[in-house]
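Encoded as structure tokens, the structure appears first; notes follow it.
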Ligand code: URA
């Protein structure tokens, strides 16, 4: 099946053009925050636009769903319970989510009651995520959960996360990027049975980064991967 592009770019929308045309990541971020974007209904319930967390120079980009309550309060992605769970799992395989990763979401404003973003909200916000990807040029993108996966790979409308989590794939729209699907850490908070699989997937990710020399690129000493451990506490 032909894959659809996720880019929806209104050439006559000068506000978006200014943001999307920003030449550096810092400018993009500042412009997006300053825009007070009202392109979709999510703006009505937000405290602030949540653009990211972590290191824009990192080789790994993480894409979640959308900000929750803590993220909305603090203006940083994945700083609530799910974020702490994700940090813990990645730390267990020697990955520092603030140094080795750059974290963003499908939508930048908190959906009411932490619901998943609707298709129109995601489609409206995706050009911003796409520009983030262009500007930070990650080597690998981790899609956390079904929302991130289905908005990136439009051929996927009906799937089980148990069939997708842990898999690598590529997309023609992003020829220099490897994608990997992981369970959303919030799912692990509700279903502890998913933790052993997530632990295996985290170790697979670490192996991939080692094989491609990607962690070393950041110029910091590599931590050892834990030999033991189940990353089970929440
Ligand atoms: N869940 C997400 O998908 N993203 C966040 O930033 C926080 C929770």
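Read-outs throughout are calculated quantities, based only on the coordinates presented, and are distinct from any laboratory measurement. None of the values given here were measured: they were computed from a predicted structure. Ideal geometry is used to build each Cβ from the backbone, glycine not excepted, and the neighbour counts take in all protein chains shown.
Calculate how steeply helix 81-92 sits against the longest principal axis of the alpha-carbon atoms of the chain, using the helix alpha-carbon long axis, and give the answer as 0 to 90 degrees to the nearest 10. Tilt of helix 81-92: around 40 degrees.
When averaged across all projection directions, what area in nm² does the alpha-carbon convex hull of the range 131-204 cover?
Computing the convex hull of the Cα atoms and averaging its projections yields 5.3 nm².
Taking 154, 70, 203 in turn, the Gaussian network model of the chain (Cα-Cα springs below 10 Å) assigns the largest fluctuation to 154.
With neighbour counts taken as other beta-carbon atoms within 10 Å, the residues 33, 103 rank, fewest first, as 33, 103. Listed from fewest to most Cβ neighbours within 10 Å, the set 87, 173 follows the order 173, 87. Measuring r between the beta carbons of residue 33 and residue 177 and using R0 = 30 Å, the FRET efficiency lands at 0.75.
The three principal axes of the Cα atoms in the range 50-168 give end-to-end lengths of 34, 33, 28 Å, sorted in falling order.
Going from the fewest other Cβ atoms within 10 Å to the most, the residues 27, 65 appear in the order 27, 65.
Taking a ≥ b ≥ c as the square roots of the eigenvalues of the Cα gyration tensor, the range 15-105 is oblate, since a/c reaches 1.5 or more and a/b is not larger than b/c. So if the hydrodynamic radius of the range 67-123 is defined as the Kirkwood radius over C-alpha pairs, what does Stokes-Einstein give as its diffusion coefficient at 37 °C and 0.692 mPa s, in µm² per second? Value of D from the Cα-based Kirkwood radius: 268 µm²/s.
Report the rotationally averaged projected area of the range 107-156 based on its alpha-carbon convex hull, in square nanometres. Show your work: numbers first, answer last.
Numbers: hull surface 15.4 nm².
Projected area, direction-averaged: 3.9 nm².
The angle between the Cα long axis of helix 119-136 and the main principal axis of the chain comes to about 70°, on a 0 to 90 degree scale. Hey, what angle do you get for helix 195-211 against the long axis of the chain, alpha-carbon based, 0 to 90 degrees rounded to 10? Result, in degrees: 90.
Projected onto planes of every orientation and averaged, the convex hull of the alpha-carbon atoms in the chain covers 12.5 nm².
Using the Cβ-Cβ distance between residue 120 and residue 212 with R0 = 25 Å, the FRET efficiency computed as 1/(1 + (r/R0)^6) comes to roughly 0.10.
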